[in-house]
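First up is the structure itself, then whatever we jot down about it.
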2 protein chains.
Amino acid sequence: MTDKLGEALHKLIHSYKGKMKQTAIESGIIVPFAHIRALKCIQHIEDCSATDISKRLGLDKSQVARIIKDLLNDHYIEKKQSPNNHRSQLLNLTEAGIEIMDRVQQVDKITRKKMSETLTTEQIENFISTAETMLKNLNKPTTQD
Amino acid sequence: MTDKLGEALHKLIHSYKGKMKQTAIESGIIVPFAHIRALKCIQHIEDCSATDISKRLGLDKSQVARIIKDLLNDHYIEKKQSPNNHRSQLLNLTEAGIEIMDRVQQVDKITRKKMSETLTTEQIENFISTAETMLKNLNKPTTQD
DNA sequence: AGTTTTTGGTTGACTAAGTCAACCGAGAAT
DNA sequence: ATTCTCGGTTGACTTAGTCAACCAAAAACT
């Protein structure tokens, strides 16, 4: 039974992403998934930096740099220089960014609702906490590493 | 709490894939993830077809066609024509395919073990069954679809 | 002070994954 | 016999993710 873990996971995110994307498009959001994840970071962290995003999402810094470039081009975020530190940049949502995140939140909610239709809150919470435990286990360095 | 679902999932497969890849490389397996998933299909389904893989893994048929091409090139699988139906192909593992799948199974086991170190079998099984339920919910067409 | 190291970020070049549409030839249906 | 469907292939493209080289600002180190 437990050998289905990998496949179950893989198929789940595939469908999850698909549903998110579909719902997003229906709401007129044309931004890629990873960009939305980054936007969420910037939303939650005041004066967010590229490194913050990279660490929080576990993405390569090059990937983050490119995402930020896109988001700046699309005017969803703005960059200001830190007064005390000249190399790190402070990212914040623009008006347009705040507006799109409102809609993203809706999309999130719809998808989550659909996905957990037949499940209890307890089941979902167990699921999430198991997921977080597995994540921790995976990232924990092994003795022979 | 349940709003972490998306992030938790995303990070989990990210790390899961990463660990799988790393362990695979350590075992001398240089085949991409999706190819391994396809190989598993071919292993489990006697006289597997491209459509079988596509349906089972939820992949686009073009993607499957390309994966099969690669696997044929690498001589992990072989194709024979069906005697009664001339357009569908029957795929099976070669000797090399069987051999690599042995090692893949090891990699799978190691990764799974690491990932579920601190968890009980019951927790894992609940996790999987919740994942499968969510998958079903996502793929269930909505009334207003 | 001056030099090395670290840090935050950018770019190039690439692999892997996934999507969409057009297409082909073989069967089945009409 | 012609149309329709089916299994598969290809082209062209977007999104993800990785790795290494690089640059300039800023700490750290004698």
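The values are calculated or read from the model by the stated rules, or taken from the named source; none is laboratory data. This one's a predicted model, so the numbers in the text were calculated from it and none came from an experiment. With ideal geometry, Cβ positions are generated from the backbone for all residues, glycine too; neighbour counts draw on all protein chains shown. Only protein heavy atoms, including side chains, enter the accessible area calculation; ligands, DNA and RNA are left aside. Shrake-Rupley method; radii C 1.70, N 1.55, O 1.52, S 1.80 Å.
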- Under a straight-distance cross-link criterion of Cα-Cα below 20 Å, which aspartates and glutamates are reachable from B:LYS113, leaving out those fewer than 8 residues away in the same chain? A:ASP3, A:GLU7, A:GLU132, A:ASP145, B:GLU26, B:ASP102, B:GLU122, B:GLU125
- Note on the structure: Buried accessible surface, A vs B, both sides, probe 1.4 Å, in Å² to 100, equals 5200
- Isotropic mean projected area of the C-alpha convex hull, the protein assembly as shown (nm²): 18.8
- Message: Just to check I understand the Karplus step: with θ = phi - 60° and J = 6.51 cos²θ - 1.76 cosθ + 1.60, what whole-Hz values come out for segment B:68-82, glycine and proline as x?
- Response: 4, 4, 4, 5, 5, 4, 7, 6, 8, 9, 10, 10, 10, 6, 5
- Task: List every residue whose amide H lies under 5 Å from the amide H of A:CYS48, counting only residues 5 or more places away in sequence or on a different chain, with H placed 1.01 Å from N in the peptide plane.
- Result: A:LEU91
- Once both label points are put 7 Å beyond Cα along the C-beta direction, the B:MET1-A:HIS86 separation in nm becomes 4.9
- Excluding ligands, DNA and RNA, what is the solvent-accessible area per residue of segment A:6-47 at a probe of 1.4 Å, expressed in Å²? 45
- Ignoring ligands, DNA and RNA, what percent of the accessible area of the protein assembly as shown is carbon or sulfur (1.4 Å)? 49
- Message: Going 7 Å from Cα along the Cα-Cβ axis for the label, what nanometre distances separate B:THR121 from the same residue across the other copies?
- Response: 3.3
- Message: So if I take the centroid of the Cα atoms in segment B:54-103 and the same for segment A:8-79, what is the distance between those two points in Å?
- Response: 35
- Note on the structure: Residue-normalised value, i.e. accessible area per residue, for segment B:67-132 at 1.4 Å probe, in Å², stands at 61
- Query: For the modelled label position 7 Å from the Cα of A:GLN106 along Cα-to-Cβ, which residues of segment A:21-49 have backbone nitrogen atoms closer than 16 Å?
  - Reply: A:21-31
- Query: What lysines sit close enough to A:LYS79 to cross-link, taking a C-alpha to C-alpha distance under 21 Å and skipping anything fewer than 8 places away on the same chain?
  - Reply: A:LYS40, A:LYS55, A:LYS61, A:LYS69
- Item | Helix B:121-139 axis, angle to chain B major axis (alpha carbon atoms, nearest 10°) | 70
- Item | Net dipole in debye of chain B [+1 Lys, Arg Cβ; -1 Asp, Glu Cβ; about Cα centre; nearest 20] | 280
- Item | Protein-protein interface of segment A:98-145, residues with accessible area decrease of at least 50 Å², isolated chain reference, 1.4 Å probe | A:ARG112, A:LYS114, A:MET115, A:LEU119, A:PHE127, A:ILE128, A:THR130, A:MET134, A:LEU135, A:ASN137, A:LEU138
- Message: Suppose you put the label 7 Å out from Cα in the Cβ direction; list, shortest first and in nm with one decimal, how far B:LYS140 is from each other copy's label.
- Response: 3.6
- Item | Per-selection Kirkwood Rh - segment B:1-98 (Cα, Å, 1 d.p.) | 14.9
- What are the distances, in nm and sorted shortest first, from the label point of B:GLN81 to the label points of the same position in each other copy, with each label point placed 7 Å from Cα along the Cα-to-Cβ direction? 7.1
- Note on the structure: Whole-Hz Karplus couplings 3J(HN,Hα) for segment B:40-56, θ = phi - 60° and coefficients 6.51, -1.76, 1.60, Gly and Pro as x, run 4, 4, 4, 5, 8, 9, 5, 6, 5, 10, 4, 5, 3, 4, 4, 5, 5
